[in-house]
Amino acid sequence: MMMFDYLNILVGILILIIGVMVGVAFLTLLERKVLGYIQIRKGPNKVGYMGLLQPFSDAIKLFSKEQMYLSYSNYMCYYFSPIMGFILSLMIWMLIPYYFNMISFNLGVLFFLCCTSLGVYTIMIAGWSSNSNYSLLGGFRSVAQTISYEVSLSLILMSCIVMIMDFNLMKFSDYQFLTFFFLMFPLSLCWMSSSLAETNRTPFDFAEGESELVSGFNVEYSSGGFALIFLAEYSSILFMSLMFSLMYLGGYDLNLLFYLKMIFISFLFIWVRGTLPRYRYDKLMYLCWKIYLPISLNFLMLFIGLKIYLI
């Protein structure tokens with residue numbers, strides 16, 4: 001029986017990884033289509049019906065290209081940091097219980113914060129081990145940015161945790177008879193823009209500043225390494241969309257509406273990329289430490305007060 005359980009868990013994890021990979025593939029296609037229409041042009045529309053097979057042909061192209069080995073790089077770190085980043089971005093998805101092997105994390109929020117915190121090390125090591133000044137600067141920027149926004153993300157999360165008094169993400173659906181989006185409207189907007197900064201997305205994509213850092217920390221990566229960094233980033237975007245739906249849009253229920261909400265939040269990530277120019281780096285730090293931190297702290301005090309008063 002024990003062996004059968006382990007096999008069941010293994011099959012479940014494989015299905016989860018395949019599902020996330022397919023989701024990421026079509027998210028890249030959605031992004032290219034939406035950006036195309038924002039810029040008044042067509043997106044990919046040649047490969048397959050209306051370009052549906054484009055992500056798969058891109059994946060085949062990237063993974064079949066020749067892998068470059070840098071003479072002066074710290075080889076092991078350079079080679080394994082994209083793989084570790086990819087594994088970490090997939091590990092976070094275990095937080096969500098599915099129809100099969102229902103693993104429910106009682107300390108899910110802490111696991112989420114641990115995985116997102118570890119993700120920054122992979123970018124830092126990728127930037128440092130490439131032994132290029134551009135990639136090193138991209139890695140430094142990413143570390144400063146991610147650590148700063150983790151503080152505000154954690155405090156915003158704490159406001160939600162105070163309201164439900166549990167670290168289990170599944171408890172959000174039990175308490176949201178009126179969605180937290182209305183109760184915590186400013187906080188939800190802060191979470192949205194902080195998650196943009198956390199996943200290195202426009203307008204906060206300073207780790208990959210093409211205009212000044214020649215693509216940033218991943219400048220020395222090509223073929224498979226670049227593809228894995230790319231997949232990790234888009235997997236994080238999907239998970240951040242899922243977290244927003246969980247926390248502010250009515251919690252977790254396995255129906256079509258939940259996934260539509262999640263797709264809509266992912267669409268917002270892309271919409272922002274097509275609309276807003278890149279922010280200035282000092283303004284990014286100012287926004288985090290002087291605006292989001294006081295707002296999230298004040299709301300935390302408010303919700304703690306509400307909780308004490310209601311009890």
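The values are calculated or read from the model by the stated rules, or taken from the named source; none is laboratory data. Note that the structure is a prediction, hence the values are computed from the model and not measured. Backbone-built Cβ (ideal geometry, glycine too); neighbour counts: all protein chains shown.
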Practice task
Among residues belonging to the stretch 67-84 that are over 23 Å from the mean Cα position of the chain (by Cα) and in a helix (DSSP H, G or I), point out the one that is modelled with the highest pLDDT.
Solution key: MET76
Exercise for the section: For the stretch 45-85, enumerate the residues that are within 16 Å of THR28 (Cβ to Cβ) and touching a residue at least 40 places away in the same chain (Cβ under 8 Å). Expected result: ALA59, LEU62, PHE63
Exercise for the section: Residues being part of a helix (DSSP H, G or I) and surrounded by 16 or more Cβ atoms within 10 Å (Cβ to Cβ): count how many of those fall in the stretch 162-188. Expected result: 12
Problem - Number of the condition not met by LYS33 [criteria: (1) in a helix (DSSP H, G or I); (2) closer than 30 Å to LEU155 by Cβ] - result: (2)
Completion exercise
When every residue in the stretch 220-275 that is of a type in the set (Val, Ile, Thr) and closer than 27 Å to MET84 by Cβ is compared, the one modelled with the lowest pLDDT is ILE229
Exercise for the section: Would you check if MET301 is surrounded by fewer than 19 Cβ atoms within 10 Å (Cβ to Cβ) and either in a helix (DSSP H, G or I) or of a type in the set (A, V, I, L, M, F, W, C) (or both)? Expected result: yes
Practice task
For the stretch 51-66, indicate whether the set of residues that are surrounded by 14 or more Cβ atoms within 10 Å (Cβ to Cβ), assigned to a helix (DSSP H, G or I) and of a type in the set (A, V, I, L, M) is non-empty.
Solution key: yes
Exercise for the section: Mind listing just one residue for me: the one in the stretch 25-50 that is within 20 Å of ALA232 (Cβ to Cβ) and touching a Pro at 6+ places or on another chain (Cβ under 8 Å) and, of those, surrounded by the fewest Cβ atoms within 10 Å (Cβ to Cβ)? Expected result: PHE26
Exercise for the section: Within the stretch 92-112, track down each residue that is surrounded by 15 or more Cβ atoms within 10 Å (Cβ to Cβ) and at pLDDT 85 or above. Expected result: ILE92, TRP93, VAL109, PHE111, PHE112
Practice task
May I ask you to list the residues in the stretch 162-189 that are touching a residue at least 24 places away in the same chain (Cβ under 8 Å) and closer than 14 Å to LEU302 by Cβ?
Solution key: VAL162, MET163, PHE180, MET184, PRO186, LEU187
Exercise for the section: Could you list, in sequence order, all residues of the stretch 163-186 that are touching a Cys at 6+ places or on another chain (Cβ under 8 Å) and closer than 22 Å to ILE291 by Cα? Expected result: PHE180, MET184
